[in-house]
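Engineer: One structure, pasted below without further comment.
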Amino acid sequence: MTETIASDRSTADPSSADGSPLLEVTDLVKYFPVKSSGVIRRVIGQVQAVDGVSFSVGRAESLGLVGESGCGKTTTGRVLTKLYEPTSGSMVFEGTDLAPLSAKEMLPIRKDVQMIFQDPYTSLNPRHTVGAIVGTPLQVHSVVPRNKVLSRVQELLELVGLNPEHYNRYPNEFSGGQRQRIGIARALALQPKLMIADEPVSALDVSIQAQVINLLQDLQKEFDIAFLFIAHDLSVVRHFCPRVAVMYLGKIVEIGDRESIYRNAHHPYTQALLSAIPDVSQAQVGGRRERIWLEGDVPSPINPPSGCRFRTRCWKAQDICAEQEPPLLQIGDNPGHQAACHFSEPYDSAIHDAAKITRAAASRAATESDEANAS
Amino acid sequence: MTTSAVADPTAKEWTSDEPFLVVDDLTVKFPTADGLVHAVTGLSYKVELGKTLGIVGESGSGKSVSSMAVVGLHDPKRTRMSGSIRVGGAEVVWLSESKMRRLRGNDVAMIFQDALAALHPFYRVGVQIAEAYLSHHPKATKREAQQKAVSMLDRVGIPQPDQRARDFPHQFSGGMRQRAMIAMALVNDPKLLFADEPTTALDVTVQAQILDLLQELQRDFGSAIVFITHDLGVIAEMADQVLVMYGGRAVEYGTCKDILTTPQMPYTWGLLESIPEMDSDPTQRLLPIAGTPPSLLTPPSGCPFHPRCRFTGDVPGDLCERELPELLPGIEGVRHLKRCHLRDSAEVLSRAATSTRES
């Protein structure tokens, strides 16, 4: 059964031999205009949701995109599927730049780039049967004759672990995990080469999460699908993706293979993020783990800090951080590991402690001088 | 005696051998058009002042329903409730609404997952916190209440609290809203705090700040915390005691270390196996718990977990399907209770762990 779906793949892929990545994103920018209230809605600012992001995804590879809410990871995924128009930059998919394409020109490519959404409750139309939901892409792209749609839908349902006889049921008859499987079957219907998975398991219960992650991994192996895996759960990303990019306020601050990011992070933000993950094995020792304390909140993307965007919360920040934006530079002799920091180095708690003490002293001095001025 | 603890403000100095919160054989059922929903069945637990109990379970396991029963948030017309809940010695099951009101917000407070939904969008944050203070301190002036609100916002780490108190909830970021809700919950120095997934919607760095804040406040005020979450990592760092719920029942109850390092109930073991850990081998497949959570309308016979359990074969006969196991001490004694027919479950589970690692 699975062969029938996989079979047309091998012939449809002439460009795979040249070694170029499946997707090459260069300087991708997405700004959303902020308009004034009133009759004449003038543009008074730009939300810089994604600001110059570059990465590539190889065939059948998984790239994880992690970061906190508002860092632009979901926007990046939506721009790649052209749900949003990019402001500038290019995204070359199999030799074609998707950025300037019109909706009509995009249509044949949509077959190859599919998306899995976060919320299995809102991403399925409650008035459509499962058969209609999974079958519509097949009809839109006329990949199978009309009379074969139902049998293909049943194959797909079986593939994602659902009962194929349930094609005429409605989404409300399924649990959250089963609904997510329906969404996966829909994305899989066109045998995409690239799957954009936007938080595919974060709405699910813990015991169900593992089922869906295993399913995605099996499908990836079987059909050679490349994944852009967008998630905020760093341990899930570590499990799923051999390569990981960390985003902060619209920019990639560190990118590298799994080992470099999780064992040898060089950017202070990545280090802080990793230290904040609650760890089950902590139960053996009890109490809280030592963690890097970040001050304040993420700044507004309408008016981001000059230079390095992380400098307002960073314990290493110096004058240069405000003046110059740090480029993504290679770390050591590992070409796959890059970090965007003027002071990138492995985490050293001594430096962090020293910085904390200097900062505390500085703020104490500031308050004392304020008081002296006031009196 | 039952109500004096609530009416009398001196009762806040709770001195007794009994733990501050005692839930005993609590059962909550909701009649619906489809039948009776057995949301919580025969649940018992205790929390002492200054301690944290973590309640773990999937959605529909009854963890929120049981806590809402303690805070008195169930509509008596639509709920069938039995058993006993004693807060500081006072029985609160079916307490009258006026007495419950005095207790709620004063002795017992609750913080919720969605701070944006829990705060009123039309009122300034400071006004909402001041209102919570005024309703339990009728003699206080508005100015005093406002000052109390500002100092509380300062306490939970909101910068420029006197200005931010004049903001509306939508002007706060997610982490700040959660802080504001914690400020509101703590404005009357409650002895018991229910935190229902307080950090689930937050980013990890903000979550770390909120967890730090809760622990700091617990140290300062000596309150008891019931922490409800499905994140075992958070439980590991926050809880002294852990209660694992499944299908409306407690299935494992003991110290945090015992439960998370040597689980004795296959469900807890399965939960721990199914999450990817930061130091695990990423090429290894995850071990999910097969199947889906049980229906609360028609709970399974016998052990509620038996349809998903991998170890029913290790129990003689069809005991798991026929008979509900009691919540009994395991090999470690009374500090670790489990609801499972496996005689030496720790041994069976560790054998299973080794075999799955090797395969």
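The values are calculated or read from the model by the stated rules, or taken from the named source; none is laboratory data. This is a predicted model, so every value here is computed, not measured. Using ideal geometry, Cβ is built from the backbone for each residue, glycine included, and neighbour counts are taken over all protein chains shown.
Engineer: Surrounded by fewer than 20 Cβ atoms within 10 Å (Cβ to Cβ), on the phi < 0 side of the Ramachandran plot and either touching a Lys or Arg at 6+ places or on another chain (Cβ under 8 Å) or without any contact (Cβ under 8 Å) to a residue 40 or more places away in the chain (or both): is that true of B:T205 in this structure?
Structural biologist: It is false that B:T205 is surrounded by fewer than 20 Cβ atoms within 10 Å (Cβ to Cβ), on the phi < 0 side of the Ramachandran plot and either touching a Lys or Arg at 6+ places or on another chain (Cβ under 8 Å) or without any contact (Cβ under 8 Å) to a residue 40 or more places away in the chain (or both).
Engineer: If A:G286 meets every condition in (1) on the phi < 0 side of the Ramachandran plot; (2) within 7 Å of chain B (Cβ to nearest Cβ); (3) of a type outside the set (K, R) apart from one, which number is that one?
Structural biologist: A:G286 satisfies all of (1) on the phi < 0 side of the Ramachandran plot; (2) within 7 Å of chain B (Cβ to nearest Cβ); (3) of a type outside the set (K, R) except (1).
Engineer: Can you confirm whether B:I55 is assigned to a strand (DSSP E or B) and farther than 27 Å from B:P263 by Cβ?
Structural biologist: For B:I55, the condition - assigned to a strand (DSSP E or B) and farther than 27 Å from B:P263 by Cβ - is not met.
Engineer: Then there is this: Could you please find all residues in the range B:299-311 being away from chain A (no Cβ under 14 Å) and either among the hydrophobic types (A, V, I, L, M, F, W, C) or surrounded by fewer than 20 Cβ atoms within 10 Å (Cβ to Cβ) (or both)?
Structural biologist: B:P299, B:P300, B:S301, B:G302, B:C303, B:F311
Engineer: Need a quick list: helices (runs of 4 or more DSSP H) entirely within the range A:58-159 having at least 3 residues that are surrounded by 20 or more Cβ atoms within 10 Å (Cβ to Cβ).
Structural biologist: Because the criterion is at least 3 residues that are surrounded by 20 or more Cβ atoms within 10 Å (Cβ to Cβ), the helices (runs of 4 or more DSSP H) in the range A:58-159 that meet it are A:73-80, A:130-140, A:149-159.
Engineer: Now, a different point. Anything in the range B:162-191 that is assigned to a loop (DSSP other than H, G, I, E, B), over 21 Å from the mean Cα position of the chain (by Cα) and of a type in the set (D, E)? List them, or say none.
Structural biologist: Residue satisfying the conditions is B:D167 alone.
Engineer: Looking at B:E197 and the list (1) modelled with pLDDT of 90 or more; (2) closer than 22 Å to A:L234 by Cβ; (3) of a type in the set (D, E), which single condition is not satisfied?
Structural biologist: Looking at each condition in turn, B:E197 falls short on (1).
Rundown of residues vs (1) buried (at least 22 other Cβ atoms within 10 Å of the Cβ); (2) within 14 Å of chain A (Cβ to nearest Cβ); (3) hydrophobic (A, V, I, L, M, F, W, C); (4) touching a Leu at 6+ places or on another chain (Cβ under 7 Å), yes/no style:
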position: B:T141; (1), (2), (3), (4): no, no, no, no
position: B:A145; (1), (2), (3), (4): no, no, yes, yes
position: B:D154; (1), (2), (3), (4): no, no, no, no
position: B:S173; (1), (2), (3), (4): no, yes, no, no
position: B:L186; (1), (2), (3), (4): yes, no, yes, yes
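Engineer: What single numbered condition from (1) loosely packed, with under 14 Cβ neighbours inside 10 Å; (2) of a type outside the set (A, V, I, L, M); (3) at pLDDT 85 or above fails to hold for B:D344?
Structural biologist: Condition (3) is where B:D344 drops out.
Engineer: Would a scan of the range B:79-94 turn up a residue that is surrounded by fewer than 20 Cβ atoms within 10 Å (Cβ to Cβ), touching a residue at least 12 places away in the same chain (Cβ under 8 Å) and within 20 Å of B:L214 (Cβ to Cβ)?
Structural biologist: Within the range B:79-94 (the criterion being surrounded by fewer than 20 Cβ atoms within 10 Å (Cβ to Cβ), touching a residue at least 12 places away in the same chain (Cβ under 8 Å) and within 20 Å of B:L214 (Cβ to Cβ)), the answer is no, since none of the residues qualifies.
Engineer: Would you please list the contacts, defined by Cβ atoms under 7 Å and residues six or more apart or on different chains, that run from a residue in the range B:176-191 that is without any contact (Cβ under 8 Å) to a residue 60 or more places away in the chain to a residue that is among the charged types (D, E, K, R) and assigned to a helix (DSSP H, G or I)?
Structural biologist: B:A183/B:R155; B:V187/B:K148
Engineer: Tell me, which helices (runs of 4 or more DSSP H) lie completely within the range B:83-154 with 1 or more residues that are at pLDDT 90 or above and more than 23 Å from the chain's Cα centre (by Cα)?
Structural biologist: Answer list for the range B:83-154: B:125-136.
Engineer: So, one more: Go through the range A:183-203 and give me each residue that's farther than 19 Å from A:D112 by Cα and buried (at least 22 other Cβ atoms within 10 Å of the Cβ).
Structural biologist: A:V201
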